[in-house]
Every structure is written in C-alpha cells, then in structure tokens.
Amino acid sequence: MRRRIHPALAAFAVVTFLFLLGPLIIIVGTSLSDTVFLAFPPQGLTLRWFENAFEISAFRRTMWTSFTLAVLGTALSLLIGIPAAYAMARYRIQLPRFLGTIFVLPVLVPEIVLGFALMKSVATGLDTPIYTTLLVGHALLVLPYCVRVVGASLAQFDFSIEEAAVSLGCPRWKAFLTVVLPNIQGGVIAAFVLAFITSLNDVSISIFLTGPGVSTLPIQLLAHMEQFFDPTIASVSVLLMFVTVAVMALVERTLGLTFLAK
Amino acid sequence: MTDRRLAWALAMPALLLVALFLGLPVLSTFGTTFTTDDGLFATYEAFFQSRFRRSVLWRTMEVATITTAISVAIGFPTAWVVARAPRTLKSLLIVAAVFPLLTGVVVRSFAWLVILGRNGILNGALERLGLIEEPLTMLYTQGAVIVAMVYLFVPLMILTLVGVLDAIPEDLTDAAASLGATPAATFRQVVLPMAVPGLIVGAVLVFTGSFTSYATPQLLGGERQMMMGTFLHQRAMVTFDWVGASTIAAIMVVVTLATVWGMSRLANRLNPVAG
C-alpha cells in the first residue's frame, strides 16, 4: 500500500508550486490589462499590447534575429554534435574518456566569461563580424545539450543492427542515415528543441555580442525595460511562454519530460 | 580507415569548435591578466586590495550561498512530495517545474520587477490591506536579488532531487519503519544518505548558476547590488577596462571550477554506494 504524504509536507509543496507559477500567471495577467502601467489583476482586457509588441520595429527585428540565430546555431551544433556523440557511443574504447568532459565545457565555463572572451578574442581580436561570432557562441552554448541528449538516445541503440546493415553490404554512411538516425530521431528532436530554447533565452553570451544592427530579443527586452515599463514587455514574455509550451510538448512526445528530472 | 581514426575524425569538428572558440579565447583572456607591466599577479593584487572589488566578490559568494541554502530547503521537501505522488499528479508537477525552468531568465526576472517594484503588486496589496502607508523599497536590495534567484533555481533543484528520490525504493523506507524507526530516523538514516549525491549536484548547479548570473542581479540589484557577472559586464562594456574584466572572469572561473571539483570529491566520499 502506498504511504500517504504528511499533510504539512503536501501543503508545503502546494505553496512551492504557487510560488513557481504565480509570477508567470501575473505576467499573463498584466499583458492583458487595458492600462498603460502594469496592473494585476488586469483592469479591462485588451490584446493591444500584443499588437504593440509587433509594431515596435526593434522587437520585430530582434524576434527574427533570435529565431534564426537559435535555428542556425542549433543546426550547426547538431551537425557536429551528432557525429561526436555517435563516435563516443560507438567507439567507446577507442576514444579517451576526457572527451566527454570537453564537450560539456561550455556549461562548466561561466556563460558570461565565454561571452566576454568571444567578444574580446574573436569579435574584436580577429575582426569577426558580430553576427558570426554570435552564431558560433550560440552553437558552443548548446553543444553540451546536443551531445548529451543525442548521446542518451544512442546509449539505448543496439549497434548490432547497424553492423548487420554494413555486413550485408550497406555503405557506412548510408547505414548511419537509414538505420541509426531513424532510431535516435526522438533524441535528435529533443536535443534540437532544448538547444533552441536555450539559445532563444540566452542573455549572458549575447549581451557582449550585440552591436549596431545586431541584437537579440532578450537583450532588446532588457534595454526596453530600462526605458519603458508598460505591458508590452509582459506581452512579449507571454509570446516567449508560448514557445516554451511548444518546446515542452515536443520533448514530451519524444523523450518524455521525466527525462529532464534525472 | 581504422575504427580509431574514424572515431577521432567524427569527434574532431566538435573538438575544434570547443578548442578554438572556447579554449583559446578563455585562455587568452586569462593570459592578459598575467602580462601587465606591473608584474605577474599585479591585477589580482589590485583586485584584492580594493575594498569595493572585494565587496563585490563577497556579496556574490553570499548571495550564491544563501540562494543555494534556500533552494535546498524549498526543493528537498517539494521533490519528496513529487517523487512520492501518484503517477498522473507526478507528471503534472514535473510539468509545473519544467515550465518555469524553460522560460527565459529575463522573463522570470521581469516578473519579480513587477511584483517588487515601488508601484508594484506587492506594495499595492500591502497598501490595500492597510499594512503599510508608504510603499516599501524592495528593488535593488540584496533580498530582491535572492528572492529572484531562488525563484530561478528552485525548479532545477526540484528536478535534480526528484530523479534521485525516485530511485529510493519505497520498500526501503517501509522496511525501516517496520523495524521500528521513527519517520525522523528513517529520513536521517535512509533517505538523506541516499539523496546526498543529488543534493550535491543540485547545490553545485544552483551555486555556480547564481554565482555567475548576469540578468537577475542587473535587473533586480542594479548598480547598488553589483555582483561578479554585472561587474564583469560593466568593466568590459562601460569602462572598457578589459584587463580588469579579464581578472574578474578568471576569478569567476576559478571559483566555479573549485566548487565543482570540491563538491564532486565530497560526493565521492559521501556516496554510500561507492563508499
């Protein structure tokens, strides 16, 4: 028989989850308020702050930049991360173990330090265009997610299926594309969306790599907050929450969200 | 091609990305702190001799430590409830923890700006209840930074601990109880030792995360509650003191790596399985 949770403990958990979700509910409320200041509970309901978010060209532009940056950075990272994860899973004995540590370095080194170092050495030092540096920075930032999540998927894969295809005459590259890849599809999709949302929300790297004409949505939000304090920011925040919901739905359908609790 | 060569060839692009765009830039950043005209450790001496800079480092340590402690205090009991909840409820609670985690740090910090502001929701509520006459100043205090950081990191702590607590079989706690252990004794002698690895991982994530955070101290602490992350940014982008900024960066990396290293050693010593 299942033991009952002590009521005090259950109440404690309820309060925790109210604390976790309350502020987000407040943002949704203020984004709908028909007032020029942030009001909660909302006074009158309107969607004009959402319209406003799209009317401000800086938001429109940075939404697009952030979106393309997240897609391209993640794609680049997966393109080099999948082979790396594959090599580590398939040829475990041939590769030294410290490689795994190298691939998680981007989460070990503080993001803000990485951003500063990229700005100093790559953008300024090598005169690399800001956008290119930003793209490389984001690809680096999400590399650990790509390698780890795809790696977790590969750990479940039975490589003897691939061997069978190869021994029957299938070229190795074709065996990878038609046998291995379809079997780790879930992991690749989950890696993509987790990396995408990480890149989309990034502040610490991007803050150093925004310049004339190049900025990302979170950085634009920070800048906007310092000048205006109207519900537009709340409405952009709500739009970002929709993206989060979409990401969660995709992860749930591929790996299952419990994958994140481990 | 031999397997060995093929393996290296496949891993090479990712290795190069990390080596060229993380390894070299970070090492060259460290390099500039040792190559000033005043001597090898001059920039570090200057850092630790300045009362202001020391206070920033100290404040960052303090905020990160308090945030970690509160996150454990909130996260542990909550994770226990989540781990022991029936299936459907459990999935729902995990969703409720993942959602804030995947919502951006700017959005989550903004929420506290709205709540704690001078004309914010909390002040408004307190005034309406007649508890205060004048709005309280809550923004740009250490308390505001800590509250927002705890908010940022509690989901991470919960999710890390749920994974570990889930792995503790219910039979084990039942067995302890049937042998006469009080709930407190069961917790102390069975649950806690098995949860230690998760607690350490969670604590490392929260400590290093809050120690190196930028957006939250920037928005809720401002200039008055300067922390290492905001200080680094200010030195690099406002005063253009790149050597000073590099020194801050190096200190941040040392503290982060020392925390990870020290705690993983502690984890190895305390791990009942590896014991």
Item to complete: Please give the contour-minus-distance gain from residue B:239 to residue B:96: 0.36 nm per residue of separation, less the Cα-Cα distance, rounded to one decimal in nm.
Response: 47.3 nm
Worksheet item: Of A:22, A:73, A:137, which has the largest mean-square fluctuation in a 10 Å C-alpha GNM of chain A?
Response: A:22
Worksheet entry | Which of B:133, B:45, A:162 has the fewest Cβ neighbours within 10 Å, and the rest in rising order | B:133, B:45, A:162
Item to complete: Treating only the Cβ atoms of Lys and Arg (+1) and Asp and Glu (-1) as charged, compute the dipole magnitude of the protein assembly as shown about its Cα centre; round to the nearest 20 debye.
Response: 1080
Worksheet, complete the sentence: Rounded to the nearest Å, the spacing of the alpha-carbon centers of the range A:228-262 and the range B:166-206 is 32
Item to complete: With runs of 4+ DSSP H residues as the only contributors, calculate the mean residue ellipticity of chain B at 222 nm using -39,500 (n - 2.57) per run, divided by the residue total and rounded to the nearest 500.
Response: -24000 deg cm²/dmol
Worksheet, complete the sentence: Under a Gaussian network model of chain A whose springs join Cα atoms within less than 10 Å, the largest fluctuation of A:238, A:136, A:15 belongs to A:15
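Can you tell me how much longer the chain between residue B:223 and residue B:3 gets when fully stretched, taken as 0.36 nm per residue apart minus their C-alpha distance, in nm with one decimal?
73.6 nm
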Item to complete: Convert each backbone phi in the range B:55-63 into a coupling constant with the Karplus relation 6.51 cos²θ - 1.76 cosθ + 1.60 (shift: θ = phi - 60°), then list the ³J(HN,Hα) values in order as whole Hz, x for Gly and Pro.
Response: 5, 5, 4, 4, 4, 4, 4, 4, 4
Fill in: Least to most buried among A:33, B:178 (fewest other Cβ within 10 Å first)
B:178, A:33
Discussion item. Once you keep just the Cα pairs under 8 angstrom separated by 6 or more residues, what percentage relative contact order results for chain A?
Written reply: 28
Worksheet item: Across the range B:31-42, in residue order, what do the Karplus-derived ³J(HN,Hα) couplings come to in whole Hz, using 6.51 cos²θ - 1.76 cosθ + 1.60 with θ = phi - 60° and x for Gly and Pro?
Response: x, 5, 6, 9, 10, 6, 5, 8, x, 4, 9, 4
Discussion item. Using the Karplus curve 6.51 cos²θ - 1.76 cosθ + 1.60 with θ = phi - 60°, what ³J(HN,Hα) values do you get for each residue of the range B:253-267, in whole Hz, with x for Gly and Pro?
Written reply: 5, 4, 5, 4, 5, 4, 5, 4, 5, x, 6, 6, 5, 4, 4
Item to complete: For the range B:11-66 and the range A:2-68, compute the distance between their C-alpha centroids and round to whole Å.
Response: 37
Worksheet item: Between residue A:108 and residue A:163, what length comes free when the chain is fully extended (0.36 nm per residue of separation minus the Cα-Cα distance, one decimal in nm)?
Response: 16.2 nm
Discussion item. I need A:252, A:163, B:223 ordered by Cβ neighbour count within 10 Å, fewest first.
Written reply: B:223, A:163, A:252
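Throughout, read-outs are computed from the coordinates displayed, never taken from laboratory work. This one's a predicted model, so the numbers in the text were calculated from it and none came from an experiment. Cβ atoms come from the backbone with ideal geometry, glycine included; neighbour counts cover every protein chain shown.
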